[in-house]
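See structure below.
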Amino acid sequence: MAKNDFSAEAAENYEQKCLCVLVLDVSGSMSGEPIQELNKGLQDFYQEIDKDNTTRQRLEVSLITFSHVVNTVQEPALVENFTMPTLSASGSTAMVTAVNHAIDKVAARKQWYKDTNQAYYRPWIILMTDGEPDSDQDVAGLAQRIKLDVAAKKYAFLPIGVEGAKMSILKQIESGIPAMKLQGTKFSSFFKWLSASMGTVVSAEEGQQVDLSAGADDWMSAFTI
């Protein structure tokens, strides 16, 4: 199947779907404790989603990793259809390429929802990085693309800076939701917040304003889905 071509895939159920694409930095600077904690956090995220029947039937998760190369390690899927992978760290930081790939994947998946008559919530793209993008990465171009897309309500974009991240870069590409600095390597806390937030999103009515700030140290205000 060609990249981002979901045409051969049949709808599994007709619950309203919400796609969450995690764009994860696995460059060399994430080696050691950071990548270990990231893997633990991902497992916590998976387990929390799997506990809730509504979220399990509605939330699709995709994982895109980036170092000097970008890899889709998990195509969009309900949790019952995949096992959370274990990630390893090496290489540099092709951040912009990875986020652009995530945006393209979101567009393709939304088209598949339409083609298969599945209602969907606004997708989420969540970037987690601990470093500065490689010098050949077009941050300004990405910032403009995200700004226009978020204004058009194509997806919600949440940039997260891990310890060591250049927050000025993440603030440049933020749109609608402010960039957040993760305290130390508290990936598990973040992913537990994320699973709870996704559960809230998939249980809401279209157009309803929901407050996702609980458990996020007040860094996020109410957000309309």
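The values are calculated or read from the model by the stated rules, or taken from the named source; none is laboratory data. Remember, it's a predicted structure, so these values are computed and weren't measured experimentally. Reconstructed Cβ throughout: ideal geometry from the backbone, glycine too, with neighbour counts over all protein chains shown. Areas reflect the complete protein model, heavy atoms only, side chains present, ligands, DNA and RNA absent. Shrake-Rupley method; radii C 1.70, N 1.55, O 1.52, S 1.80 Å.
Under the condition of being of a type outside the set (A, V, I, L, M, F, W, C), under 13 Å from the mean Cα position of the chain (by Cα), open to solvent by less than 10 Å² (accessible area, probe 1.4 Å) and more than 16 Å from Ser27 (Cβ to Cβ), the residues counted in segment 84-137 number 2.
One residue is enough: does segment 154-163 have a residue meeting the conditions buried (at least 18 other Cβ atoms within 10 Å of the Cβ) and more than 15 Å from the chain's Cα centre (by Cα)? No, that holds for no residue.
When you check Val96 against the structure, is it farther than 28 Å from Arg58 by Cα and assigned to a helix (DSSP H, G or I), yes or no? Criteria met by Val96. Closer than 27 Å to Ala10 by Cα, touching a Gly at 6+ places or on another chain (Cβ under 9 Å) and either of a type outside the set (Val, Ile, Thr) or in a loop (DSSP other than H, G, I, E, B) (or both) - does that describe any residue in segment 59-75? Taking every residue of segment 59-75 in turn, at least one turns out to be closer than 27 Å to Ala10 by Cα, touching a Gly at 6+ places or on another chain (Cβ under 9 Å) and either of a type outside the set (Val, Ile, Thr) or in a loop (DSSP other than H, G, I, E, B) (or both). Scoring Lys3 on the criteria (1) among the basic types (Lys, Arg); (2) modelled with pLDDT of 95 or more; (3) closer than 28 Å to Gln137 by Cα leaves a single failure, condition (2). Residue-level check: of (1) open to solvent by 30 Å² or more (accessible area, probe 1.4 Å); (2) aliphatic (A, V, I, L, M); (3) modelled with pLDDT of 95 or more, Val23 misses just (1). List pairs: first in segment 20-37 and in a loop (DSSP other than H, G, I, E, B), second open to solvent by 30 Å² or more (accessible area, probe 1.4 Å) and not charged (D, E, K, R), Cβ under 6 Å, 6+ apart or cross-chain? Taking only residues 6 or more apart or on different chains, the pairs are Ser27/Gly91; Ser27/Ser92. Only one entry of Val79, Val73 meets the criterion of being under 17 Å from Gly41 (Cα atoms) and touching a Phe, Trp or Tyr at 6+ places or on another chain (Cβ under 7 Å), and that entry is Val79.
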